[in-house]
Every structure is written in C-alpha cells, then in structure tokens.
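What follows is a short report on a single structure.
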Amino acid sequence: MSIIIKRSLLLLLVLPCITLTAQGEQQMAKVKGGVYVPLYGNDITAVRVDDFYLDLYPVTNSDYLAFVKEHAEWKKSLVKGLFADGNYLRNWVSDTDLGEKVVPDAPVTNVSWFAAKSYCECQGKRLPTMDEWEFAAMADETAADARKKKDYNKYILGWYEAPRTYKNPVGSTFKNYWGIYDLHGLVWEWTSDFNSVLLSGESRKGNDEDANLFCGAAAVGATDLMNYAAFMRYAFRASIKANYNVQNLGFRCAVDGNKKSNTYKVALDATK
Amino acid sequence: MKAHFVKNIGRILLMSGLLIFLSSCINQDKKREYTDAGEIPVNREMLAELTSPPHVPTPVGKRLAKKLIVKMEIREMEGEMVNGVRYIYWTFGGTVPGSFIRTRVGDEVEFHLQNHPDNKLPHNIDLHAVNGPGGGAESSFVAPGHEKVFSFKTLNPGLYVYHCATAPVGMHIGNGMYGLILVEPEGGLPPVDKEYYIMQGDFYTKGSYGERGLQPFDMQKALDEKPDYVVFNGHVGAMTGDNAITAKVGETVRLFVGNGGPNLVSSFHVIGEIFDRVHIEGGDRINDNVQTTLIPAGGAAIVEFKVDVPGTFILVDHSIFRAFNKGALAQLKVEGEEDKKIYSGEIEEGIYLPEGGGVQSMPATKGVVEAEIPARSLEEQMKFGKATYMQTCFACHQSEGQGVANAFPPLAKSDYLNADVDRAIGIVLHGKTGEITVNGKKYNSVMTAQSLNDDEIANVLTYVYHSWGNSKKVVTPEMVKKVRNQ
C-alpha cells in the first residue's frame, strides 16, 4: 500500500506538466511589490513582497473541467485520497459533467491544495504565497492598502456572513487597485504556504508558541476592525489541511514578477 | 428513673437494630460509592438526546453512567430576529441557543462536532463542563465539511454554558453560537412537573431595532456593547403568544436559564412569581425565595418554583428597557383554578390624582429615518403595520387587540377607536392620559407618545382597523401628516 502511495507521489512529483494549452489560461495583473506588516507580525517582522503577477479571477469550474479532461489523475473518480479527501468536486455530477447546479463561470471549489497546486503548475504558474495574497488583497478599488478604511473591512466582514457566494460568477465583485477581481466576496483561496502560520484551534491562548499572533490579538482595540477580517482568514487557513476540499474554498494562480510578461496575457490597465 | 433508663435502652437497641437494617439495605442497593467522579465506570453506549429550545431532554433519573455520544451539527443560516428583520445566525444544531445536552456525573461524552459543508467558517466548541485546555476548543477546531471528535468525562454536576471559541470569539458568540449542557448529580435532579430551556443573548445589527431587511452584524456596536436586540431564545417573541411556555396551577416548574452574552449580564426575573429555589450560577448552592437572580454572560442558573394561580407570567431581564424595548421578554401561561386567598385580583377602584401628571413622551431622535420602503398596497400596509404592532403595541394591547382588563383598553371591536380616526392618529402621535370609556368600560391610564414616522403610523393603524372586527378604514401617511401639523 505504502509503496503504491510512494509511487504515485513520485509520479506526480516527477511528471512535469507538459501540456500547456490555451484552455484555462487567463489574464493576469502585475502587483508591484513592497513591504507590509502582516497580521501576525510587529514592526520588526515587516515582510518584503517582490513584484508578482496574479490571475484576475479565481479559477472557474469550466477552467477546471478543461484541466481534468487533460489530466485524468485529477478526475473525481481517479484522484488519490492522499491528495484529496472524499469531498473532492463533490458538487460535480461526474468526472466530466458539472451538472445543472454547478455554475460554469463560478469559482471551482471543493478542490484540495494538491489539486490547486497541480493546476497552476500545468499553466506554468504557481499558487501565490500567503504574503502575496494578503498583499494584493489589502487593496480596495482605489488604494493599494485599504486596511484602515472602515467600509473596506465592513465589506469583508459582510461577505463572511453572506451565504452561498461560491455560486456567483467570477468578476461579480469589485475590481481592486491592481485590476484584480473577487479577492473578497466569492470564496476563500488557497495559498502555497497556507499552513505556515499556526493559529491554534484555541484562539484565546496566552503567550506560548503563538506569541506573535497573539500580540496581534492584543492589538484588537476598540476601533480596529481590520484585524477581525484578517483574523478570520487566518483562522480559516489554520483549520484546513492540504487534502481538504471545502465548499467555499477555491484558488487562483500567480507568477514571479521577473518572468517575461509576454508569456502571460497581462491586463493592460492593470499596472499603474 | 429506672423505668426511664430501661426505656432508653430499649430505644437504643431499637435504633441500632434499625441502623443495621438500614446499612444492610444500602449495602444491597449501592455496590460502591465513588468519592472521585473520575473513577465512576461507564456502562454501555448511548446516543444523546438533543433538544431545541425551549425543550429539554428526558431527565437522567437513576441511570448508570454511560458512554454518551453527542452529534452536534453547526449551521450558518438565515433566520428572523423580529417581524421583517432577517439575520444570519451561526448555530449549534440549527437553533439559538444550541441544542440542550443532558448528561450525568461520570458520563464519558464522545463529542462529534460537524461543520456543515455550506458553512463559510471554521468553528469549535468550548464546553464549560469540560476539565481540559480550552474546554474542548483546541481539539474541536473544524473546517467546513469536516467533523472532529473528542471526548471528556463529566466530573462536576451543574448547568454549564457551551460556546464557539474561534477567532474572533466575540463575533461567533454574538451570532448565536452558545447553548447549555447539564450535568445531573448521581440519581438525577429531584423530579418536577415541567422543565424548560431559556437562554438570553444580545445582538448587534447595522440597522436599529425593527429596521427591516437582512441586517448584518455590527462589530462596532458589539465593541461598544450597545445591542439593538436583547432576546430570549434567539429572537424577539420566541416564547410569547402561541410560543409561550405553559404549566398548570399547582405544578412545579424548573427553568434552565443560561446567558450566552456576548456582553450583557442578565437580571432574570419572572413577573408575578418568586423562585422557590435557585441553584445559584448553576452550581450546588441553593438559595431559597429569590425575586431576581443574576446570570453572568457565559453563566447559567437553575430556577424552580410552584405556580399557585392562573394567568400569564412574564419572564424578563429586569434591566427593564431590554425587556420592553429590545425583546428580552417571554411568557409563561398558567391554566387552572383561581385562588383568591393567594391573589385577589382587583377589589375596588378609586380616584387618585397626583400632581404633575402629564403625557410622557417616548424619546424621538432628530431626523427619524423614514422606513426604507413605503408601503405600496393595502397588503403591504398590513404586513408592515403588523410588524410595527408586534414591536410597539403588542406589549399592552396584546396579540389579538384584546388589551388587558382594567389597565389597557382593547383595540378589537373598539367603539372608541372606530368612532374617530383623527383622534386615533392623534393618540399615537401625542399619547393619551386620563379616563376614557371603551366598549362600556372605563380605563384610566397612560399611553406614551410613540416615536413612529407618518408611514409607520399609517401602516399600524391600517393594520389595527383591518383586524379584529374593526371598521376597515385605510389610514394614509397624508392623513397622519395632517393631524401632526394641526
């Protein structure tokens, strides 16, 4: 048994994604890097984010359908349990049929981290890091860092409460400063290092191994809504594992900023 | 003297004989008493009965400690806070408060926490009945579409709160993620006739009390601890009218009362009843003859009383504006024979005119927000009017407009109401003090001026005129405006 698993692991690791097709390839926006202080840090731990490109939209059900048609190992019936638990694509009727209830233009969800990672690699891309994602997601329509704006935070908190947004088509929320859509308002998104910050299941702990996080926690002052929105994202990330498939969790892909931009269709109005 | 001595010896012999007899009884019945609850062995497996409020599961009675399997599903779902106001609740078991869990000392509870796949957020559970880090929160942190299992042994009898403890904790509790778990002592609590489950909670919405539509959670109000709603069992009217809890005269009633918070403490009181026994803070200590018992946020109490006379008894948070203006009000309806010795009812009525009486006015804020959507049809007027009625008029004039004898005049088939519509508008606008005669009966009390806008008054009066055998007049905002400007 373990040999089989090892083999398939090996296969997956070794097998390069050669089929770079136009299907599923989508426009990207360039995000100009910078320094930001993440939730879990303090001034000393400001994080540098280099330039990168990020997909304008989350990957959709129809994008993902095209992918599984080419990569049979990611079909619902063939996927290895090690890489995706029993909920993988649970709303799809079959391997290649979305069925009537699944909206083709809506973000694909119920995909594991392994699946998302493999998808991006097959596009010649990768998953964004958590810092990249958080950096791009600080923006509202007009500002690169809108985290201090009350309305921006209320919008995010509002989404956390709105049911079934995973059924809405991509592009249905706002276009942010970088030209990227739907970072808030449709689904949660995988990041390559989603589990690198360990928020314990017990969120009220004192000052042990999660000390940094809880400095953040202590900073939640009377008017600081900003951390509440971020807290919920980190709490969500801490609750998942790489083979989980969750109804409200999708993904999009990223590329390093120093790669030649002509490889990817970069949205013209995206860079300012 | 001698005889006395002999008698005493006889008594002693008798007593010791009894003692031997008794102790042999004990030896037969109870094989072993456990001083340490942790050592109580469990006997078989059992799926726990969970109930929605206001109901509680069957008492444990004399059953042995068991391995008790609890399956609790978390749902994020839309519900109604008060007529016309919708809210996204986060729930344990689909209700606020969450399902009631009933255990006994020594049970080994195997807890399955299931997070429904449609949910957005990870959740967990902290049960105050657990001895262990986080009260289970650490071991139960579960992503949507997954299940976590952990187990604990109930060591301390009492009534305990459970709640979600995922960041941000206040928001999870504020959206309704709390409930009660009861740990009964060995042999169970003494039997009573009726048991009910009530839990208070405060809610914070973007719109103020009664503002229609889907209302999102308001973090700022929660931080400021200024709730729009303070309610029993999750929403306004959860236990009034047809949903009132009931008992019969002479019955003993036990209420399991909790307070989920997230912010306020409750001054729990039943109007017209005295608690015979209160398990203070849900623990072992019992206080007798209590009028109002304080229930901390994240705490509970067991209150017991015998109902002696029939009538409707109002359960309130005696921080009283919460009861009459924010929803913290429930009803216990008691049926049965009157007992004039215990409560006479009104004996006679006289006239008493103190100085300085006058019309009291409800505080009106400047620039009252017009109702978002003005009613377009009679049907809509009825719908909105009913909502306003249930929020504003119901407490005195009652659900069927019947009023309260000798205190609040009826609106149903009311000659006074039907005689003059402008007068009725004027009373809602400006209040009314002094004696009036309605359907042949005299009333002398005070109605405060209501801070409703023209639309709301038009709707509520149209609703009243179209209900309970009244004259089916339609009141328009223009008519209200006319009276307002007089």
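Worth a mention:
- Test for B:ILE286: is it out of contact with any Asp or Glu (no Cβ under 8 Å at 6 or more places or on another chain) and without any contact (Cβ under 8 Å) to a residue 12 or more places away in the chain: yes
- For beta carbons closer than 8 Å, sequence separation of 6+ or different chains, a first residue in the range B:399-412 that is at negative phi and open to solvent by less than 60 Å² (accessible area, probe 1.4 Å) and a second that is of a type in the set (Phe, Trp, Tyr) and outside any loop (DSSP other than H, G, I, E, B), the qualifying pairs are B:ALA407/B:TYR443; B:PRO409/B:TYR416; B:PRO409/B:TYR443.
- Members of the range B:299-312 that are open to solvent by 30 Å² or more (accessible area, probe 1.4 Å), touching a strand residue (DSSP E or B) at 6+ places or on another chain (Cβ under 6 Å) and not in a strand (DSSP E or B): B:PRO310
- Checking each residue of the range B:119-128 against the condition of being under 25 Å from B:TYR34 (Cα atoms) and at pLDDT 95 or above gives at least one match.
- Residue tally, condition under 27 Å from B:TYR197 (Cα atoms), within 11 Å of another protein chain (Cβ to nearest Cβ) and open to solvent by 20 Å² or more (accessible area, probe 1.4 Å), over the range B:135-149: 1
- Exactly one residue among B:VAL230, B:VAL161 is among the aliphatic types (A, V, I, L, M), in contact with a Lys or Arg (Cβ under 6 Å, 6 or more places away or on another chain) and away from chain A (no Cβ under 14 Å), and that residue is B:VAL230.
- Of the residues in the range B:424-438, at least one is farther than 22 Å from B:GLY241 by Cβ and without any contact (Cβ under 8 Å) to a residue 12 or more places away in the chain.
- Candidates B:ALA407, B:ALA395: the one that is touching a Cys at 6+ places or on another chain (Cβ under 9 Å) and closer than 25 Å to B:ALA328 by Cβ is B:ALA407.
- For the range A:146-168, the set of residues classified as in a loop (DSSP other than H, G, I, E, B) and at pLDDT 90 or above consists of A:ASN168 only.
- Considering the range A:117-152, the residues that are more than 30 Å from A:HIS71 (Cβ to Cβ) and in contact with a helix residue (DSSP H, G or I) (Cβ under 7 Å, 6 or more places away or on another chain) include one that is most open to solvent (accessible area, probe 1.4 Å), namely A:LYS148.
- Residue that is under 25 Å from B:GLU346 (Cα atoms), crowded, with 21+ Cβ neighbours inside 10 Å, among the hydrophobic types (A, V, I, L, M, F, W, C) and within 14 Å of the chain's Cα centre (by Cα), where the choices are B:LEU255, B:LEU329: B:LEU329
- For beta carbons closer than 6 Å, sequence separation of 6+ or different chains, a first residue in the range B:259-274 that is small (Gly, Ala, Ser) and a second that is in a strand (DSSP E or B) and open to solvent by less than 10 Å² (accessible area, probe 1.4 Å), the qualifying pairs are B:GLY260/B:TYR178; B:GLY260/B:MET199; B:GLY260/B:GLY201; B:SER266/B:GLN200; B:SER266/B:ASN259; B:SER266/B:ILE295; B:SER266/B:ASP317; B:SER267/B:ASP317.
- Check on B:GLU211, closer than 29 Å to B:ALA37 by Cβ and among the charged types (D, E, K, R): no
- Checking each residue in the range B:105-141 for being free of Cβ contacts under 8 Å to residues at least 40 places away in the same chain and within 21 Å of A:TYR88 (Cβ to Cβ) picks out only B:PRO117.
- The set of residues from the range A:172-194 being farther than 16 Å from A:TYR155 by Cα and in contact with a Phe, Trp or Tyr (Cβ under 9 Å, 6 or more places away or on another chain) comprises A:ILE180, A:GLU189, A:TRP190, A:THR191, A:SER192, A:PHE194.
- For the range B:123-134, the set of residues classified as open to solvent by 30 Å² or more (accessible area, probe 1.4 Å), more than 13 Å from chain A (Cβ to nearest Cβ) and not polar (S, T, N, Q) consists of B:HIS128 only.
- Selection of the range B:105-120 for residues being within 13 Å of chain A (Cβ to nearest Cβ) and open to solvent by less than 10 Å² (accessible area, probe 1.4 Å) yields B:LEU113, B:ASN115, B:ASN119, B:LYS120.
- Flag for B:TYR204 being under 20 Å from the mean Cα position of the chain (by Cα), within 16 Å of B:PHE217 (Cβ to Cβ) and within 14 Å of another protein chain (Cβ to nearest Cβ): yes
- Close pairs (8 angstrom Cβ cut-off, 6 or more residues apart or separate chains): more than 14 Å from chain A (Cβ to nearest Cβ) in the range B:73-88, charged (D, E, K, R) and open to solvent by 10 Å² or more (accessible area, probe 1.4 Å) anywhere: B:GLU80/B:ARG86; B:ASN83/B:LYS386; B:GLY84/B:ARG212; B:GLY84/B:LYS383; B:VAL85/B:GLU211; B:VAL85/B:ARG212
- Against the test of being farther than 30 Å from B:VAL253 by Cα and in contact with a strand residue (DSSP E or B) (Cβ under 8 Å, 6 or more places away or on another chain), the options B:HIS163, B:HIS146, B:HIS128 yield a single qualifying residue, B:HIS146.
The values are calculated or read from the model by the stated rules, or taken from the named source; none is laboratory data. Computed from a predicted structure; not experimentally measured. Counting neighbours? That spans all protein chains shown, and the Cβs are built from the backbone with ideal geometry, glycine included. The area values use the complete protein model at the heavy-atom level, side chains included, leaving out ligands, DNA and RNA. Shrake-Rupley method; radii C 1.70, N 1.55, O 1.52, S 1.80 Å.
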